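Structure first, then comments.
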Amino acid sequence: MDFNIVIAGEAGQGLKTVEAMLTKTFSRHGYYLYSTKDYMSRVRGGHNFMQIRISDQKVEGPDEGIDLLLALNDESVEIHRSEMNEDGTILSEVESDKDEMVYIDARGMAKEVNPRAVNTVYVGAAFKIMGLPTDQAEEAVKEHFAKKESVIDDNLELLKKGYEAVDQLYNLKDLGKKEDRMVIDGNSAVGLGALLGGLSYYTAYPMSPSTGILHYVAGKQEELGIVVEQSEDEIASINMALGGSYAGMRSMTGTSGGGLALMAEGVGLAGITETPIVIADVQRPGPATGLPTRTGQGDLLFAVNIAQDEFPLMVLAPKDQEDAVYQTFRAMNLADKYQIPVIILSDQFIGDGSKTIPVIDTSEMKIERHLVDPAEVEGEYKRYKYTEDGISPRAYPGQLKDNIVLLDSDEHDEYAHIVEDGETRDKMVAKRTKKMKKLAAEDLLEPEYTGPEAPDYILVGWGSTAGPLREGRKILSDEYNVGHLEFNDLWPLPTKKLEELAATDAKLVFVENNAGAQFDRLVRSETGIKADYNILKDDGRPFSGQEIYRRFKEEVSK
Amino acid sequence: MVDKNIYQADRETAWCPGCGNFPLRTALADALAEMDLKPEEVTMYTGIGQAAKMPHYIKVNGFNGLHGRSLPPAIGMRVANPKMTVIVESGDGCSYGEGGNHILHNIRRNPDIIHLVHDNQIYGLTKGQASPTSVPELRTPVQTHGVNAEPLNPVQFAVGMKASFVARSSVGDREHLKEMIREAKKHKGYALIDIFQPCVSFNKINTYQWYNKRVYKLEDHDPTDHAAAMKVAQEFGDKIPIGIIYREEKPTFRDRMPYLEDKALVERDVEVDDLKFLIDEFK
């Protein structure tokens, strides 16, 4: 069973409240869900919508077609009518004798109780239409308005009025609450992974679609006794975080493409000063301002080549909201282990999207700081001591008695003093390069392959396309012998699995949310392996499994 | 008082002979010794430029970062360790030019930081172009007919912003400079000291003589009187005042986060198991 709900209207109509209440309620009725937002870069007006897909099976992304449309304004009916599934229903304030149209006088009802809570009438009516009781929805209302108690009663009354005003049309059942699941959006997931990793200092400048991370961690700062500071610009964001990291705290920043461009010099500073830092880039289409509230995977080659000259750097991409928690946690440990910048390439699709995932399992999660044991430091401390693997014992100021900690963005010697001689320069470049080699040898995640042993086609994707790829492959599997490959780690590029698969007869189909096949280009430059086909999408919207299926038929298996 | 030799302020430098950075370094080492601070109890954040090389020429903890970006990283130390003495040091180009936005916002944040600006009214390391504080008549390989913008008066700017401590000093009077550094350390909050120093290689206008002829020590000035401070701050001509121009006790960056108390976040000891309640909130 798969049921797709779209809530549409203009900015300022409380779509988010409706989505929050429906999401929580469905989850407590035991459904798996995936919700996505399609909103415009404005505060009021325009056309925005949110889609909630619910199922009794695991869901990996949005689906096409609408079963129930909650049209909070008349315009939404016309915009989405063509997407309605057979037997779909449109709930609106438009009076019509068409079969699929259900009328509700939401404004009229709200006017008598609380004109600001029109959206709650829709929630009540939606539950009746779907055949679900309102007890869980009532709880969700109480929780949602916990800080605004005065409006709880109004909302409960309107929930009931909406419920009573329409007839039941579907027969969704209460599957019972599942304790082993949770629902989380990708931005909160990055924040959660960081907080679990001991984040003490987060500095960022608000930028869509990354602001959700900033809001989430800021909401926890007092409770956890940490500091979240809004910087004056992204140049300050990364330099502040680096200063905090040098001071010994786990520090992080987050932004989107334009902000990452401003941070570029700072990432290089992290590289040459060997200061651990995690940077979340929640991608949106660009360049410059681009499409602020949409999704894309156009920052890959920029992230990999972010600053002048060469330095150790890691770039990785979470596959979904669950993975975002684990990967961010892992990024913090790896940044500390190798004393490098780690860029997390998330995007608006998973950042703003919420998904039902298994409860995060912390049994394997351990914070590893890799700081020096002061007892092991003899004589004058060398921040950049030459070692076998290139990693120098790291101390923070004040940690060592009678010793100072110096670092420098100039090329430097073991003590961090400025040098200009070629010999020391060579040694320091070699030292930093060794760290990258060790990272590639010890800590890279090879991509995950799913599918038949000898496939005819392999769909290759990275980061957030994993969900749509899983669903797309499932649909394709009825007609084709097809597997798919999901990448987490992008730089340094893990090559073993790729080389293994490229040696078979399988055709490689790279699926990416950008126009220039950036991952294909990266793989080609690192391995010589190239895509046989590219399925690319750069309209600012995520793939769905259905779309991958359709595009495969059109562009690959013609 | 600790032995001032502990700071090794006699290290070899890349500065020109006669550079104003030398007396500034000596004054700083003397002040640190008098304040009884050990090298590991002081952290210096600098940008890029001849002045910004200071942490290589004096022994304290040091973060020699990017041009213009000496202030932002220093905030991190204020969060991590309230006991550490934090000094930001850089030139006029780094502090007022490339880093202009940061000084504006850190005056607003008011972190407990001593900001020493080596103000020689010119770019030295890049060999003599105009800086934000260069006088209009300065001619350089770039400013061939003089500077196309009016000079910034950093003291007037900072007093206008009600920065919590604003002073001016000159390397021509080391005792005065030392005293200003000690006063800045005593002050809780952001303390800007704009320090006149000659660039003997490139600035042929603002020489030792130029400064010595003009500067005078403020007497009978009440630095807590903002209107009086604004008046004094505007003086920049034949007579230029040195001393504490403005001082105001107000909440520091950390004071605004009372939940931190006096904890050093660098000592925050946290295990994943302590944080599992965060996961439960998404159930």
Degrees separating the helix A:135-144 axis from the principal Cα axis of chain A, which is the longest one:
50 degrees
Which of A:Ala264, A:Val141, B:His102 sits farthest toward the positive end of the charge dipole of the protein assembly as shown, with +1 on the Cβ of Lys and Arg and -1 on the Cβ of Asp and Glu?
B:His102
Expressed to two decimals, segment A:440-504 has a Cα Rg over Rh, using the Kirkwood radius, of 0.99
By the Cα gyration tensor axes a ≥ b ≥ c (a/c under 1.5 gives rounded; else a/b larger than b/c gives prolate, otherwise oblate), the shape of segment B:4-280 is prolate
Just the Kirkwood number for segment A:371-443, please: inverse of mean 1/r across all distinct Cα pairs, in Å, one decimal.
13.1 Å
Working only with C-alpha atoms, what are the Rg and Dmax values of segment B:106-180, expressed in angstrom?
14.7, 41
For segment A:105-117, Karplus-derived ³J(HN,Hα) couplings (6.51, -1.76, 1.60; θ = phi - 60°; whole Hz; x for glycine and proline) come out as 8, 4, 5, x, 5, 5, 3, 6, 10, 7, x, 7, 10
Beyond 21 Å, what percent of the Cα pairs of segment A:38-118 remain?
39 percent
Pseudo-spin-label distance A:Arg425 to B:Lys231, built 7 Å along Cα→Cβ, given in nm, is 5.7 nm
Taking the highest mean first, how do the peptides A:528-535, A:53-60 order by number of other beta carbon atoms within 10 angstrom per residue?
A:53-60, A:528-535
For A:Ser477, A:Ser35, A:Ser237, order by how many other beta-carbon atoms lie within 10 Å, fewest first:
A:Ser477, A:Ser35, A:Ser237
Diffusion coefficient in µm²/s returned for segment A:281-397 by Stokes-Einstein, Kirkwood Rh over C-alpha pairs, 25 °C and 0.890 mPa s, is 145 µm²/s
Taking Lys and Arg as +1 and Asp and Glu as -1, residues besides A:Met240 with C-beta under 15 Å from its C-beta add up to +1
What's the magnitude of the charge dipole for segment A:371-443 around its Cα centre, counting Lys and Arg as +1 and Asp and Glu as -1 at the beta-carbon? Answer in Debye, nearest 20.
300 debye
Would you list the P(r) distribution for segment A:402-481, with all Cα-Cα distances sorted into 10 Å bins from 0 and each bin expressed as a whole %?
14, 25, 17, 14, 15, 13, 2, 0
Over the protein assembly as shown, what lengths in whole Å, largest first, do the semi-axes of the equivalent ellipsoid take, defined as the square roots of 5 times the eigenvalues of the alpha-carbon gyration tensor?
55, 32, 24
By count of other Cβ within 10 Å, fewest leading, how are B:Val155, A:Val405, A:Val102 ordered?
A:Val102, A:Val405, B:Val155
Could you calculate the contour length gain from A:Glu164 to A:Thr450, that is, 0.36 nm times the residue separation minus the distance between their Cα atoms, to one decimal place in nm?
98.2 nm
So how long is each side of segment A:350-399 along the principal axes, counting just the alpha-carbon atoms, biggest first, in Å?
54, 25, 22
Using only Cα atoms, find the angle between the long axis of helix A:257-273 and the longest principal axis of chain A, and express it within 0 to 90 degrees, rounded to the nearest 10.
30 degrees
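With charges only on Cβ, +1 for K and R and -1 for D and E, what is the dipole size of chain A about its Cα centre, in debye, rounded to 20?
Result for chain A is approximately 360 debye, rounded to the nearest 20.
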Once you have the Cα-Cα distance between A:Asp389 and A:Ile79, take 0.36 nm times their residue separation minus that, and quote the gain in nm to one decimal.
105.7 nm
At 222 nm, what helix-only mean residue ellipticity would chain B give, in deg cm²/dmol to the nearest 500, using -39500 (n - 2.57) for each DSSP H run of four or more?
-7500 deg cm²/dmol
Leading residue at positive end of dipole, segment A:226-357 (Cβ point charges), from A:Ser231, A:Ala247, A:Ile350
A:Ile350
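With the Cα gyration tensor of segment A:448-555 giving a ≥ b ≥ c as the square roots of its eigenvalues, does the rule (a/c under 1.5 for rounded; else a/b larger than b/c for prolate; else oblate) give rounded, prolate or oblate?
oblate
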So if each residue of separation counts as 0.36 nm, and I subtract the Cα-Cα distance between A:Asn481 and A:Asp153, what length gain in nm does that give?
112.4 nm
Modelled label-to-label distance, A:Glu310 and A:Lys401, 7 Å Cα→beta-carbon offset: nm?
4.3 nm
Count neighbours as other Cβ atoms within 10 Å of each site's Cβ, and list the trypsin sites (Lys or Arg not before Pro) in segment B:41-125 that are DSSP loop with at most 12 such neighbours.
B:Lys83
Test item: A:216-228 mean partner chain Cβ contacts at 10 Å
4
With axes computed from alpha carbons, what is the tilt in degrees of helix A:211-224 against the longest principal axis of chain A, rounded to the nearest 10 within 0 to 90?
80 degrees
Among the listed pairs B:Lys4/B:Lys217; A:Lys385/B:Lys188; A:Lys431/B:Lys127; A:Lys177/A:Lys337, which are separated by more than 31 Å between their Cα atoms?
A:Lys385/B:Lys188; A:Lys431/B:Lys127; A:Lys177/A:Lys337
A:Gln518 neighbourhood, Cβ < 10 Å, K/R = +1, D/E = -1, net charge -2
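Which loop GluC sites (Glu not before Pro) in segment A:116-205, with loop taken from DSSP, have no more than 12 other Cβ atoms within 10 angstrom of their Cβ? Intermediate results must be reported in sequence, preceding the final value.
Working: sites: A:Glu138, A:Glu139, A:Glu143, A:Glu149, A:Glu157, A:Glu164, A:Glu179; in loops: A:Glu179.
For GluC sites (Glu not before Pro) across segment A:116-205 that sit outside H, G, I, E and B with at most 12 neighbouring Cβ atoms in 10 Å, the list reads A:Glu179.
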Taking N as the number of residues in segment B:145-283, what value does Rg over Cα atoms divided by 2.2 N^0.38 Å take?
1.52
Looking at the square roots a ≥ b ≥ c of the eigenvalues of the Cα gyration tensor of segment A:183-358, which shape do they give, rounded for a/c under 1.5, prolate if a/b is larger than b/c, or oblate?
rounded
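Listing B:Asp112, B:Asp225, A:Asp167 from the residue with the fewest other Cβ atoms within 10 Å to the one with the most, what is the order?
Least to most surrounded, the residues fall as A:Asp167, B:Asp225, B:Asp112.
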DSSP-defined antiparallel bridges as percent of all bridges, segment B:164-283, nearest 5:
30 percent
Going toward the positive end of the dipole of segment A:448-555, with +1 on Lys and Arg Cβ and -1 on Asp and Glu Cβ, which of A:Gln518, A:Gly540, A:Leu485 do you reach last?
A:Gly540
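For a Förster distance of 41 Å, can you work out the FRET efficiency between the beta-carbons of A:Asp105 and A:Lys177, rounded to the nearest 0.05?
0.80
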Taking a quarter of the surface of the Cα convex hull of segment A:386-428, what do you get in nm²?
3.5 nm²
Which net charge results for the neighbourhood of B:Arg214, defined as the other residues with beta-carbon distances under 13 angstrom from its beta-carbon, given Lys and Arg at +1 and Asp and Glu at -1?
+1
At what distance in angstrom do the alpha carbon centres of segment B:128-189 and segment B:207-247 lie from each other?
12 Å
Scattering profile of segment B:160-220 at q = 0.15, 0.16 Å⁻¹ [log10 I(q)/I(0), Debye over alpha-carbon scatterers]
-0.53, -0.59
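Just so you know, all these numbers are worked out from the coordinates, no wet-lab data involved. Predicted model, so just to flag it, every value in this text is computed and none were measured. Ideal geometry is used to build each Cβ from the backbone, glycine not excepted, and the neighbour counts take in all protein chains shown.
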